[in-house]
Amino acid sequence: GKGLFTYDPGFVSTAACESAITYIDGGKGVLLHGGYPIEQLAENSDYLEVCFLLLNGELPTPEQKQTFVNTVKNHTMVHEQMNHFFNGFRRDAHPMAIMVAVVGALSAFYHDSLDIDDAHHREVCAYRLIAKMPTIAAMCYKYSIGQPFQYPRNDLEYADNFLQMMFGNPCQDYVTNPILAKAMDKIFLLHADHEQNASTSTVRLAGSSGANPFACIASGIAALWGPAHGGANEAVLAMLEEIGDESNIEEFIKRAKDPEDSFRLMGFGHRVYRNFDPRAKVMKQTCDEVLAELGIENDPFLKIAKRLEEIALEDEYFVERKLYPNVDFYSGIILKAIGIPTNMFTVIFALSRTIGWISHWSEFHSSPNKIGRPRQLYTGPTKRDYPTK
Ligand code: SDX
């Protein structure tokens with residue numbers, strides 16, 4: 001290949017595009033952002049620093065980091081008129097339905113940075129999206145529970161500000177819980193980007209037509225929503241709830257292996273990884289740490305999840321198919337411990353992945369490009385004439 005890695009010719013022919021943002025080796029369970037292993041970023045970095053890295057290809061200097069954080073803080077509010085947009089939804093609307101609509105509508109409010117060929121416009125769009133997604137996500141939640149929207153606050157850091165918008169209210173001062181804020185930031189970081197997954201490829205394809213960045217991100221949110229992709233974290237919690245007790249695990253493992261049964265083990269398997277998803281390892285460790293710090297290490301869902309993983313990893317069906325836990329297997333347990341309701345799990349994934357989407361969108365538009373046009377293997381009838389009367 002052109003870069004520092006070499007690929008076999010068979011792989012090159014299947015590649016959808018070239019990108020310098022993220023590298024995955026599915027066989028070895030390797031994930032690099034700008035060359036930095038996800039394990040090291042999770043240990044030493046934070047979400048906004050990884051946002052800078054994904055957008056610029058380099059880690060920021062301390063000065064660049066501070067400027068980036070301040071710039072994001074200056075874009076966290078949404079146009080006040082967007083509040084009315086929510087009123088068109090029933091209170092019980094799924095927050096993802098609201099998010100895909102509201103984000104798609106952003107181009108109607110922010111039309112002063114839509115010149116996709118202008119690098120500065122692309123940068124401003126990235127800032128706006130990184131900054132506004134937590135605000136919009138929290139608004140989706142507040143609307144669903146009938147509480148007033150909370151404004152963002154510049155005295156709080158990114159993840160803590162999101163939790164304040166989610167759980168703060170006008171009746172009492174918001175009290176930061178550093179454990180939860182750190183766990184939230186880790187969740188954002190671990191979901192930031194993942195090469196050409198279904199939603200990111202959707203954003204690149206939508207971007208290739210010249211559609212505005214907000215519409216492209218909305219297409220990514222729509223693609224992410226499915227249970228085979230970003231909807232899996234919500235599906236994992238539903239699965240653990242359905243299992244209910246460790247004694248029922250064998251029955252669900254049996255169902256997951258039955259070709260006649262559509263049930264699959266949520267949070268297991270991956271299109272690329274044929275080894276542990278490196279994010280899942282960090283997520284499991286974070287899960288242990290957060291629940292222990294919160295004094296809920298005996299959370300029943302965590303015990304079922306760990307036992308399920310143990311059994312599946314020894315079962316030949318999963319071993320021979322190289323099925324391992326993925327990023328979604330433990331994330332839901334952490335989100336639940338933070339107090340996030342399950343119908344907001346995929347919204348959190350979309351919030352986190354926005355930086356990946358906009359970085360790939362921006363990379364696509366930063367060099368000469370053509371509209372994407374995947375081809376097909378036609379399996380329909382050959383040419384035939386219309387029957388004459
Ligand atoms: C994400 O692409 C990305 O990078 C996505 C993502 C990202 O960051 O953007 O990593 C995020 O989407 C993670 C995946 C979340 N989805 C789930 O956890 C849902 C459960 N997982 C599956 O639906 C499935 O594993 C997929 C969708 C992830 C992959 O599906 P594939 O491509 O069919 O998996 P495969 O080709 O590896 O399957 C091989 C075999 C098949 O059986 P056989 O036909 O060989 O008999 O394994 C079976 C599959 O049926 N299989 C499973 C299984 N996953 C695959 N059987 C039971 N349970 C599972 N979870």
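The values are calculated or read from the model by the stated rules, or taken from the named source; none is laboratory data. Note that this is a predicted model, so its numbers are computed, not measured. Cβ sites come from the backbone with ideal geometry, for glycine too, and all protein chains shown count toward neighbours. In case anyone asks, the SASA skips ligands and DNA or RNA and just uses the protein heavy atoms, side chains included. Shrake-Rupley method; radii C 1.70, N 1.55, O 1.52, S 1.80 Å.
Screening F162 with (1) more than 14 Å from the chain's Cα centre (by Cα); (2) surrounded by fewer than 24 Cβ atoms within 10 Å (Cβ to Cβ); (3) at pLDDT 95 or above; (4) not charged (D, E, K, R) gives one miss only, at (2). Only one of the numbered conditions (1) at pLDDT 95 or above; (2) closer than 20 Å to I179 by Cα is violated by G332, and that is (1).
Would a scan of the stretch 265-282 turn up a residue that is more than 9 Å from the ligand (Cβ to nearest atom) and more than 22 Å from L190 (Cα to Cα)? No - not one qualifying residue is present in the stretch 265-282. Residue count for the stretch 108-138, restricted to those that are part of a loop (DSSP other than H, G, I, E, B) and touching a residue at least 40 places away in the same chain (Cβ under 8 Å): 4.
With respect to being over 12 Å from the mean Cα position of the chain (by Cα), of a type in the set (A, V, I, L, M, F, W, C) and in a loop (DSSP other than H, G, I, E, B), V203 falls outside the description.
Does S367 meet the test of being small (G, A, S) and modelled with pLDDT of 95 or more? I'd like the intermediate steps shown before the answer.
On the way: small (G, A, S): yes; modelled with pLDDT of 95 or more: no.
Against the criterion (small (G, A, S) and modelled with pLDDT of 95 or more), S367 does not qualify.
What helices (runs of 4 or more DSSP H) lie completely within the stretch 1-90 and have 3 or more residues being in contact with a strand residue (DSSP E or B) (Cβ under 9 Å, 6 or more places away or on another chain), surrounded by 16 or more Cβ atoms within 10 Å (Cβ to Cβ) and among the aliphatic types (A, V, I, L, M)? Before you say what the answer is, go through the steps one by one.
On the way: elements: 9-14, 38-44, 47-56, 62-73, 82-86.
So the answer is 47-56.
Residues that are within 13 Å of the ligand (Cβ to nearest atom), part of a helix (DSSP H, G or I) and within 30 Å of V12 (Cα to Cα) are absent from the stretch 236-259 altogether. Checking every residue in the stretch 139-155 against the condition of being of a type in the set (F, W, Y), at pLDDT below 95 and either under 24 Å from the mean Cα position of the chain (by Cα) or in a helix (DSSP H, G or I) (or both) gives zero matches.
For I333, work out the one condition from (1) within 12 Å of the ligand (Cβ to nearest atom); (2) under 21 Å from A42 (Cα atoms) it doesn't fulfil. The single condition I333 does not satisfy is (1). If we keep just the residues of the stretch 108-139 that are farther than 20 Å from S366 by Cα and not aliphatic (A, V, I, L, M), which is most open to solvent (accessible area, probe 1.4 Å)? Taking the candidates together, the pick is F109. If you go through the stretch 70-89 and keep only what is farther than 29 Å from Q196 by Cβ and not polar (S, T, N, Q), you end up with K73, M77, V78, H79, E80, M82, H84, F85, F86, G88, F89. Count of the stretch 165-223 residues, restricted to those that are of a type in the set (S, T, N, Q), open to solvent by 20 Å² or more (accessible area, probe 1.4 Å) and away from the ligand (no atom under 13 Å from the Cβ), is 7. Would you mind stating whether T342 is more than 30 Å from S208 (Cβ to Cβ) and either buried (at least 16 other Cβ atoms within 10 Å of the Cβ) or in contact with a strand residue (DSSP E or B) (Cβ under 9 Å, 6 or more places away or on another chain) (or both)? Answer is yes for this residue. Of all the residues in the stretch 272-312, those that are farther than 19 Å from L180 by Cα, free of Cβ contacts under 8 Å to residues at least 40 places away in the same chain and within 25 Å of the chain's Cα centre (by Cα) number 2.
Among the residues in the stretch 269-283, are any assigned to a helix (DSSP H, G or I), open to solvent by 10 Å² or more (accessible area, probe 1.4 Å) and either among the β-branched types (V, I, T) or on the phi > 0 side of the Ramachandran plot (or both)? Walk me through how you get there before you give the answer.
We begin by selecting, within the stretch 269-283, every residue assigned to a helix (DSSP H, G or I); these are 278-283.
Imposing the further condition that a residue be open to solvent by 10 Å² or more (accessible area, probe 1.4 Å) reduces the set to 281-282.
From what's left, either among the β-branched types (V, I, T) or on the phi > 0 side of the Ramachandran plot (or both): 282.
Scanning the stretch 269-283, I find at least one residue that is assigned to a helix (DSSP H, G or I), open to solvent by 10 Å² or more (accessible area, probe 1.4 Å) and either among the β-branched types (V, I, T) or on the phi > 0 side of the Ramachandran plot (or both), so the answer is yes.
What are the residue pairs meeting all of these: first residue in the stretch 75-88, first residue more than 16 Å from G146 (Cβ to Cβ), second residue open to solvent by 80 Å² or more (accessible area, probe 1.4 Å), Cβ atoms under 8 Å, and 6 or more apart or on different chains? These pairs meet every condition: T76/N154; M77/Y151. Pull out all pairs, ordered by first then second residue, where Cβ-Cβ is under 6 Å, the residues are six or more apart or on different chains, the first lies in the stretch 213-231 and is in a loop (DSSP other than H, G, I, E, B), and the second is within 14 Å of the ligand (Cβ to nearest atom) and aromatic (F, W, Y). Taking only residues 6 or more apart or on different chains, the pairs are G230/F349; G231/W225.
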